[in-house]
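*Asks:* Before I ask anything, here is the structure I am working with.
Only the coordinates and a few stated rules stand behind these numbers; no lab work does. Here the structure is a predicted model, which means the values were calculated and not measured. Cβ placement follows ideal geometry from the backbone for every residue including glycine, while neighbour counts extend to all protein chains displayed.
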Amino acid sequence: MSKEGRRYIPKDGDEPNFKELSDDERMDYVTSRIEAKLLDYDGYDFTMRQSRTLNIFFELSQELRGREMFYTICMAIPRILLRLESSIYILEDEETFSLAGCSLGRYEKEATRTWDHEFTDHIVLSGKNLFIPICANPEYIDMLPFAPPKNIIGSFVMSPCDKLAGHAQLFLEKYVNRIGFQLHHRIIRARSREHIAFIKSMVQDIGHNVIVPNMYFKLYFNRLRRRIEELHLSTARVLGKMNECGFENCVEEGNRLAAIAAGIEGQYQEIYSHYESTSLFLEALLRRRHFEEGRYVLDKREVNLRKAVIEPVVERFRPRFADHGIELAMGLGGAPDQMIRLMVDRGLLSQVIDNLFNNAVKYTEETVLPGGRSGKFVAYGWQVLKDHFGPDRPGIRIWIASTGRSLELKKPMDVFKPGFRANNVARKPGTGRGLYFVRQVVELHGGQVGYEHTKRGNEFYMILPFELARE
């Protein structure tokens with residue numbers, strides 16, 4: 001909070017993170033900008049007609065829709081105010097300016113221009129023509145289709161300007177500056193509409209080309225399962241015949257055949273397990289409502305936390321832990337064994353657990369336990385927290401702890417920010433998106449996430465509301 005009597009005054013070039021400011025600091029900042037603008041306008045000393053013209057431009061640009069109508073408004077105002085004809089060029093790519101409108105007809109103007117002594121990043125008077133660059137809003141450059149060179153998205157050309165007074169030129173410069181900000185936002189809105197239309201089309205394609213075909217894999221797996229069962233029956237009959245034969249080499253070959261059949265079934269079970277989890281993840285992530293509403297939308301159902309969410313992920317990761325020499329344990333002393341049923345989005349929550357175990361595989365390091373045993377260790381568990389979310393509103397705390405160096409963090413919650421990577425693990429492969437996804441999904445459930453240092457490593461946890469299905 002701002003201290004009493006002390007105001008937040010930004011320095012030159014200071015661009016504060018407004019989300020991190022308090023209410024008082026934001027008010028102080030905006031107040032200082034208003035006062036600065038008042039001083040600017042006092043210096044401009046615009047006439048009443050010029051000030052009204054800027055207001056008219058703003059009102060008409062909000063009232064009349066369409067890019068072509070906007071260009072007409074931009075060109076009509078200099079004609080009415082200063083009897084100036086004009087044309088407007090828009091930067092279509094990094095090198096090409098295209099003629100977007102002309103108050104006297106397009107046939108007198110070149111259809112395209114490139115960067116030169118007239119089309120540049122500063123005002124140029126060339127003969128009777130005044131070239132004023134149209135500047136983008138620097139705050140939203142990343143939302144344009146491409147990064148415009150020198151922050152320029154077009155050029156506004158007016159004529160005759162060879163006898164124009166300096167004060168009138170200043171007004172036109174400020175006027176074109178407002179054109180730039182309005183045009184920039186119109187380009188963004190148009191691009192957003194195109195983006196939304198593409199997403200809607202893509203959602204339909206996902207359903208047709210991904211989700212539906214994926215459902216057929218279950219049919220193929222069922223057929224394969226029946227074939228494996230037939231293989232076991234045939235193997236058993238062959239083994240019986242070979243035992244009757246009595247030849248030692250026949251028995252050995254029979255046992256080898258049985259081992260191959262068992263190995264095929266083991267591989268089948270592992271592949272089918274990955275198929276089930278991948279299908280669950282695809283259907284949860286590519287849910288149509290996510291795209292329609294522009295956010296994750298939960299499909300909450302009552303599930304057995306251990307059987308439906310945690311154990312399938314644990315079993316899928318168990319071979320990876322073994323490959324990395326990591327010992328996996330439940331609870332370090334025993335997790336509660338009672339059945340926990342609660343309302344969650346099974347698909348999204350399973351991916352949360354998946355992300356946490358995936359991090360454990362990557363970042364777990366060797367340590368020495370109190371008993372002297374050394375190695376890499378990961379433990380997980382859960383517990384009921386009575387009244388955590390208020391009276392008679394318990395929570396479920398799910399945690400995963402791993403051995404290794406503690407993360408170097410200024411604030412524990414930094415690790416859940418999008419794109420964040422702690423300094424001491426920055427060389428490990430990763431995008432910094434996994435824990436941000438974890439936070440999004442848990443908070444959508446009305447829960448909380450957290451990180452804690454432990455004596456020998458790191459612990460990540462989530463606390464979910466112990467919500468049951470309503471009768």
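*Asks:* Identify all lysines with a Cα-Cα distance to Lys150 below 22 Å; exclude those on the same chain that are fewer than 8 residues away in sequence.
*Replies:* Lys174
*Asks:* Okay, moving on. Under the Karplus relation 6.51 cos²θ - 1.76 cosθ + 1.60, θ = phi - 60°, what is the ordered set of whole-Hz ³J(HN,Hα) values for the range 197-213, x standing for Gly and Pro?
*Replies:* Karplus values, whole Hz, x for Gly and Pro: 4, 5, 4, 4, 5, 5, 4, 5, 5, 4, x, 7, 9, 10, 5, 4, x.
*Asks:* Efficiency by 1/(1 + (r/R0)^6): what FRET value for Ala262 and Ser32, r their Cβ-Cβ distance, R0 = 60 Å, to the nearest 0.05?
*Replies:* Rounded to the nearest 0.05, the efficiency is 0.20.
*Asks:* Something else now. Arranged by the count of other C-beta atoms within 10 angstrom, fewest first, what order do Ser279, Ser22 take?
*Replies:* Going from least to most buried by this count: Ser22, Ser279.
*Asks:* Fewest to most neighbouring Cβ within 10 Å: what's the order for Arg225, Arg397?
*Replies:* Sorted ascending by nearby Cβ count, the order is Arg225, Arg397.
*Asks:* Run the dipole for the chain about the Cα centre, Lys and Arg Cβ at +1, Asp and Glu Cβ at -1, nothing else charged, and hand back the magnitude in debye, nearest 20.
*Replies:* 600
*Asks:* Treat each spin label as a single point 7 Å out from the Cα along the C-beta direction, and report the Asp142 to Glu276 distance in nm.
*Replies:* For the pair Asp142/Glu276, the computed spacing is 4.1 nm.
*Asks:* For the range 18-193, go through all pairs of different Cα atoms, get the mean of 1/r, take its inverse, and jot down that Kirkwood value in Å.
*Replies:* When all Cα pairs of the range 18-193 are included, the Kirkwood radius is 17.4 Å.
*Asks:* Could you give the length gained by full extension between Lys174 and Leu409, i.e. 0.36 nm per residue of separation minus their alpha carbon distance, to one decimal place?
*Replies:* 80.0 nm
*Asks:* Let me ask you something else. With a Förster radius of 25 Å, plug the Cβ-Cβ distance of Glu292 and His185 into 1/(1 + (r/R0)^6) and report the FRET value to the nearest 0.05.
*Replies:* Once rounded, the FRET efficiency stands at 0.55.
*Asks:* Continuing with this model, one more query. Please give the Cα centre distance for the range 177-208 versus the range 46-121, rounded to the nearest Å.
*Replies:* Using only Cα atoms to place each centre, the spacing works out to 23 Å.
*Asks:* Here's a follow-up. Determine the shape class of the range 243-318: with a ≥ b ≥ c the square roots of the Cα gyration tensor eigenvalues, call it rounded for a/c under 1.5, and otherwise prolate if a/b is greater than b/c, oblate otherwise.
*Replies:* In terms of gyration-tensor shape, prolate.
*Asks:* 5 Å is the cut-off here: which amide hydrogens, built 1.01 Å from N in the peptide plane, fall below it relative to Leu342, excluding neighbours closer than 5 in sequence?
*Replies:* Amide H to amide H, under 5 Å and 5 or more residues apart or across chains, Leu342 pairs with Val303, Leu305.
*Asks:* A further question on this structure: Tell me, what is the FRET efficiency for Glu443 and Glu110 to the nearest 0.05, using R0 = 56 angstrom and their Cβ-Cβ distance as r?
*Replies:* The calculated FRET efficiency here is 0.55.
*Asks:* Right, next: Counting only other residues whose beta carbon sits under 14 Å from that of His184, what net charge do I get with K and R as +1, D and E as -1?
*Replies:* So the surrounding residues net to +3.
*Asks:* In the neighborhood of Met413, defined by Cβ-to-Cβ distances under 12 Å, what is the net charge if each Lys or Arg adds +1 and each Asp or Glu adds -1?
*Replies:* +1
*Asks:* First select every other residue whose beta carbon is under 14 angstrom from the beta carbon of Thr367; then total the charges, Lys and Arg +1, Asp and Glu -1.
*Replies:* Net charge around Thr367: +1.
*Asks:* Could you tell me whether the range 23-84 comes out rounded, prolate or oblate from its Cα gyration tensor? Rule is a ≥ b ≥ c as square roots of the eigenvalues, rounded for a/c under 1.5, then prolate if a/b exceeds b/c, otherwise oblate.
*Replies:* Oblate is the answer for the range 23-84, as a/c is 1.5 or above yet b/c matches or exceeds a/b.
*Asks:* Here are some values of semi-axes √(5λ) of the Cα gyration tensor in Å: (i) 31, 29, 23; (ii) 44, 31, 23; (iii) 64, 31, 21. Which one was computed from this structure?
*Replies:* (iii)
*Asks:* Next question, about the same structure. For the range 298-465, state the average projected area of the convex hull of the C-alpha atoms over all orientations, rounded to one decimal in nm².
*Replies:* Value for the range 298-465: 10.0 nm².
*Asks:* Hey, another quick one. Hey, got the dipole for the range 221-322? About the Cα centre, +1 on K and R Cβ, -1 on D and E Cβ, debye to the nearest 20?
*Replies:* Dipole about the Cα centre, nearest 20: 520 debye.
*Asks:* Can you say what percent of the DSSP beta bridges in the chain, counting only those with both residues inside, are antiparallel? Round to 5.
*Replies:* 90
*Asks:* In addition: Hey, what do the phi angles of the range 100-105 turn into as Karplus ³J(HN,Hα) couplings, whole Hz, using 6.51/-1.76/1.60 and θ = phi - 60°, x for Gly and Pro?
*Replies:* Residue by residue, the range 100-105 yields 9, x, 8, 6, 10, x Hz.
*Asks:* How far apart, in nm, are the 7 Å Cα→Cβ label points at Ser126 and Asn358?
*Replies:* Between Ser126 and Asn358, the simple spin-label model gives 5.3 nm.
*Asks:* Right, another one. Report the full-extension gain for the segment Arg237 to Val212: residue separation times 0.36 nm, less the Cα-Cα distance, to one decimal in nm.
*Replies:* Taking Arg237 through Val212 to full extension adds about 5.1 nm, to one decimal.
*Asks:* Something else: Per DSSP H run of at least 4 residues, take -39500 (n - 2.57); add these up for the chain, divide by its residues and hand me the 222 nm value, nearest 500 deg cm²/dmol.
*Replies:* -16000 deg cm²/dmol
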